[in-house]
Amino acid sequence: TQSTWDFLVPCVYAHAGSVSLRVKQLAVDVETKTQDNVFITFQVSIQYKVLDDSSKQDGYPPSTNVFKAYYSLSDPAHQLKSYVFNNVRNQIPSYTLDDVFLAKETIAKALKDDLEAEMNQFGFTIIQTLVTDIQPDHTVKTSMNAINAAQRQRVAAVDKGEAEKISVVKQAEADAEAKRLSGVGLAEQRKAVIMGLKESIDSFSQTNKEITQKEAMELLLLNQYFDTMKDMAANSKGSTLFVPHTPNMVKEFGKQVREGVMGPANLMPDL
């Protein structure tokens, strides 16, 4: 600390007081309203100190700033708080709630410049102004959190929908490709069956000149029929039933198969 004035009179000594040159901090909570009519508590911390200037100014004796700091203001902290209230309540109403959070550095700088200009005349300097917190009303904060959560859920729902859409499209493409390949395979299978039957009929007809190609075809179809019945009998879980099914129906069945595969006999000449 630095003493202000000591009066020395013969046999008399008077001590007026002392002024601290340390940096002090003042926390101020300002309740105000934003441009979009939201009430907030704007918390500011002011760091200030007495200017240590021993030069003679404005007719004052040495230690001018200490002299002014001691005698000009009875309660510097209260005066400083009044300036803070005035400045903050002039600035905040020009910002929306979202803009207040973005512009807090600008607000703090403007506050520091204003306080510096006002307090210098009383021998004080402003070291720093810090915006320590911005607290909207509790209901507003809850609403903001709900809006933010809803926006995130909407984005998540859109992403989920896009993912499901891609999955469905890919599944459809896979099914279409599988069916196409199945069709190609089935066509190749039928082609191979037809070629195999043709080769069998040609070979059988060349070996047995008395049997026509038509009769050979019927014999092969009948043989295929018996192979099918054998395979069905080997499968204990099968539940297929041919109605009617008697030995006399074998010839009729062969005719039906031949007509179904090769067309009516009168439209299909012998091979």
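Bear in mind these aren't lab numbers, they're just calculated from the coordinates by the rules spelled out. Fair warning: this is a prediction, and the values are worked out from it, not measured in the lab. Because the Cβ atoms are built from the backbone with ideal geometry, glycine has one as well, and the counts that use them run over all protein chains shown.
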Which of the residue pairs LYS24/LYS81; LYS191/LYS230; LYS170/LYS191; LYS109/LYS141; LYS33/LYS141 have a Cα-Cα distance greater than 22 Å in the structure shown?
LYS191/LYS230; LYS170/LYS191; LYS109/LYS141
Charge sum, other residues only, whose C-beta stays under 14 Å from ASP114's C-beta, Lys/Arg counted +1 and Asp/Glu -1:
+1
Counting only other residues whose beta carbon sits under 15 Å from that of ARG22, what net charge do I get with K and R as +1, D and E as -1?
+1
Expected output is a single nm value to one decimal: the length gained when fully extending between GLU164 and SER45, i.e. 0.36 nm times separation in residues minus the C-alpha distance. What is it?
37.6 nm
